[in-house]
Amino acid sequence: MVELEDVTKTFGPVRALDGVSLRIETGEVVAMLGPNGAGKTTSISIMLGTRKPTAGHARLFGLDPRDLKARGRIGVMLQESGVPGMLRVNEIIDLFASYYPSPLQVAESIKVAGLQEKATSLVKDLSGGQRQRLYLALAICGNPDVLFLDEPTVGMDVDGRRNFLAEIGEFAAKGRTVVLTTHYLEEADQLARRVIVIDHGKVIADSTPAEIKARVAGKHVVFSTTRPLTDADLEGLPLTGHQLNSHAVRLLTNDPETVLRELFRRGIELTNLEVAGADLEEAFVAMTHSEARA
Amino acid sequence: MAAATATRRQVAPILPMLRKQSWAEFIKLFRVPAFSTTSIVLPSMFFAFIGLGQAKQSMGPNVTFGQYFLASMALYGVANVMVLGFGISLANERGQKQDLLMQSTPLPPIVFFIAKALSALAIAFLALVVLSVFAAAVGGVTLTASQWVTLGARSMLCSIPFIGLGFALGYLASPNSAPAVTNLIYLPTAFASGLFFPMHLLPQFLRNIAPYLPLYRGAQLVWDSVGEPIAGGTISEDWIYMAGYTVAFFVLALWAYRRDQGRKFN
């Protein structure tokens, strides 16, 4: 269905993607997870054929992604793309539907996106969340086999996000393929059965949400010590990452209780102790490091 | 895969797509009052300011100032729609990244361009009708039936090179600079081509460069259609110039389009 084969993409000196290979099969719901600038949007753009790989190949339904036959079977929601403000919601959906070989009825697209009350409003008068739902309507109006969603819930409130994810879930339940990018782990967890983690243009993990969660849902333990620590002091602790900066120590772990118990047992005196949930960025850093070591 | 897709239509039919896209482009332009009123009403307004008072005055053996200025404003109006309609709206659409989403749909770019051209031609035609009705009803300008038809046809034909120029400007100018750039190019050349003042009132250096301006060549053609003889040269020479400008502007537009695409989508 969707295939990247050893794709590298450089923008000037920046290597946005570095030898990415992946296959997405019919009916899969895949979340591409990664921090900002990791290469998620670039991956999607290459899958869609709106950007050309510097090296490697992209295939969509076995075709060049720029082939209109391939484009006719996909629906797309992109970050920051604009739509004409002076068209009404039903007009622009009707227009986009005419681009596709076997589109949905306009009324159905409007209903799926929950825009019934705004059907005859001008696009420019929509709120941010409504606009996002319009993008969803435009993405599904062609009755696509594959839906590409690039950061679809950015700017949505909690209710909006929940409804939106439910709609995508329904779409996927019909056996359609969904590829979405996100930097929210919960979102990936809720929707996808497969999570591809990208960082610095490389795939650093590709497995189920549960496995990814186990790896990244860590805590960080921050403290100062009365004497400088060395790596030897941390030997054998269940850590997924650590930073030692003379007296300041920052640890990343899934099991902070064991780590602390062990540190006390080793007689290390701690001050300014702080334990908090690790943010995703940090978890990615830890993952990348552990990949590099492995 | 081949068997599964064979039963299904693979691309949407082009004609309904073109029809809907053209209509959408038309209402997009039409619903922006700043654009639709200026492009549709402006030529008539200029006619009211400059043409009405002296409409009956003679400009030559068989042409009144009213007839002459109607032809001038007809050309000014249609070309104005092309240069501003495309130049500014296209630059704005790029500024809002509307092309990003369009690029990932199966809409063939050529359908998009033809639709834009058709919608602008429709607005230009509206401007022409409003101007003609105004000049005839309020200014008392009379033309024979064949003169009306010739004027209309030549104005519309002369707008075609400006479609290319509008596209080129739309891809070359940034959204913020587009209005300034297009006006900076368009207004002075309209004056230099004698659309607002008869050529003999212009300074000599402008008269020297005027024959190389597309609006000047177009002006000869529309003036000729209302009875003002061609000022030097022949009709066919003017048509050849217009054809040349058409090719040149469309090549420029294609280059500007490719350059923009290359920047964004490579």
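The values are calculated or read from the model by the stated rules, or taken from the named source; none is laboratory data. This structure is a prediction, so every number in the text was calculated from the model and none was measured. Every residue, glycine among them, receives a Cβ derived from its backbone with ideal geometry; neighbour counts consider all protein chains shown.
Mind listing whichever residues of the range B:83-105 are acidic (Asp, Glu) and more than 8 Å from chain A (Cβ to nearest Cβ)?
Scanning the range B:83-105 gives a single hit, B:Asp99.
In the range B:82-135, of all residues being of a type in the set (Val, Ile, Thr) and in contact (Cβ under 8 Å) with a residue 12 or more places away in the chain, the one that is farthest from A:Leu95 (Cα to Cα) corresponds to B:Val130.
Selection of the range B:119-150 for residues being exposed (fewer than 15 other Cβ atoms within 10 Å of the Cβ), part of a helix (DSSP H, G or I) and β-branched (Val, Ile, Thr) yields B:Val129, B:Val133, B:Val149. Considering the range B:157-215, and only residues there that are β-branched (Val, Ile, Thr) and in contact (Cβ under 8 Å) with a residue 40 or more places away in the chain, the residue that is farthest from B:Met59 (Cα to Cα) turns out to be B:Val181.
Candidates in the range A:260-294 are the residues that are basic (Lys, Arg) and modelled with pLDDT of 85 or more; of these, the one that is surrounded by the fewest Cβ atoms within 10 Å (Cβ to Cβ) is A:Arg265. Residues in the range A:107-128 that are of a type in the set (Val, Ile, Thr) and within 14 Å of chain B (Cβ to nearest Cβ): A:Thr120, A:Val123. In the range B:1-118, counting only helices (runs of 4 or more DSSP H) that sit wholly within it, the ones holding 2 or more residues that are within 19 Å of A:Leu68 (Cβ to Cβ) and within 21 Å of the chain's Cα centre (by Cα) span B:14-30. If B:Pro109 passes every condition in (1) buried (at least 20 other Cβ atoms within 10 Å of the Cβ); (2) farther than 20 Å from B:Trp148 by Cα but one, which one does it miss? For B:Pro109, the failing item is (1).
Just one of the listed residues (A:Leu104, A:Leu87, A:Leu68) is more than 12 Å from every other protein chain (Cβ to nearest Cβ) and more than 23 Å from the chain's Cα centre (by Cα), and it is A:Leu104.
Every residue, every condition in (1) of a type in the set (D, E, K, R); (2) modelled with pLDDT of 90 or more; (3) surrounded by fewer than 17 Cβ atoms within 10 Å (Cβ to Cβ); (4) assigned to a helix (DSSP H, G or I), yes or no:
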| site | (1), (2), (3), (4) |
| --- | --- |
| B:Ser174 | no, no, yes, no |
| B:Asn183 | no, no, yes, yes |
| B:Thr189 | no, yes, no, yes |
| B:Leu195 | no, yes, no, no |
| B:Leu215 | no, yes, no, yes |
| B:Gly218 | no, yes, no, yes |
| B:Trp223 | no, yes, no, yes |
| B:Gly233 | no, no, yes, no |
| B:Met242 | no, yes, no, yes |
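Of A:Val76, A:Val83, all but one fail to be closer than 14 Å to B:Pro106 by Cα and either surrounded by 18 or more Cβ atoms within 10 Å (Cβ to Cβ) or in contact with a strand residue (DSSP E or B) (Cβ under 6 Å, 6 or more places away or on another chain) (or both); the exception is A:Val76.
Within the range A:188-230, the set of residues being small (Gly, Ala, Ser), surrounded by 15 or more Cβ atoms within 10 Å (Cβ to Cβ) and over 30 Å from A:Phe264 (Cβ atoms) comprises A:Ala188, A:Ala192, A:Gly201, A:Ala205. When A:Thr120 is tested against (1) at pLDDT 90 or above; (2) within 22 Å of B:Leu100 (Cα to Cα); (3) over 19 Å from the mean Cα position of the chain (by Cα), exactly one condition is not met: (2).
Residue-wise test of (1) surrounded by fewer than 21 Cβ atoms within 10 Å (Cβ to Cβ); (2) out of contact with any strand residue (DSSP E or B) (no Cβ under 8 Å at 6 or more places or on another chain); (3) away from chain A (no Cβ under 14 Å).
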{"position": "B:Lys20", "(1), (2), (3)": "yes, yes, no"}
{"position": "B:Glu25", "(1), (2), (3)": "no, yes, no"}
{"position": "B:Ser39", "(1), (2), (3)": "no, yes, yes"}
{"position": "B:Met45", "(1), (2), (3)": "yes, yes, yes"}
{"position": "B:Ile50", "(1), (2), (3)": "yes, yes, yes"}
{"position": "B:Gly53", "(1), (2), (3)": "yes, yes, yes"}
{"position": "B:Gly60", "(1), (2), (3)": "yes, yes, yes"}
{"position": "B:Leu75", "(1), (2), (3)": "no, yes, yes"}
{"position": "B:Val81", "(1), (2), (3)": "no, yes, yes"}
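Taken over the range A:47-64, the criterion of being within 9 Å of chain B (Cβ to nearest Cβ) and either touching a helix residue (DSSP H, G or I) at 6+ places or on another chain (Cβ under 6 Å) or among the charged types (D, E, K, R) (or both) is satisfied by A:Thr50, A:Arg51, A:Lys52, A:Phe61.
Considering only residues in the range A:147-158 that are farther than 19 Å from A:Val106 by Cα and in contact with a Gly (Cβ under 8 Å, 6 or more places away or on another chain), the one that is surrounded by the fewest Cβ atoms within 10 Å (Cβ to Cβ) turns out to be A:Asp157.
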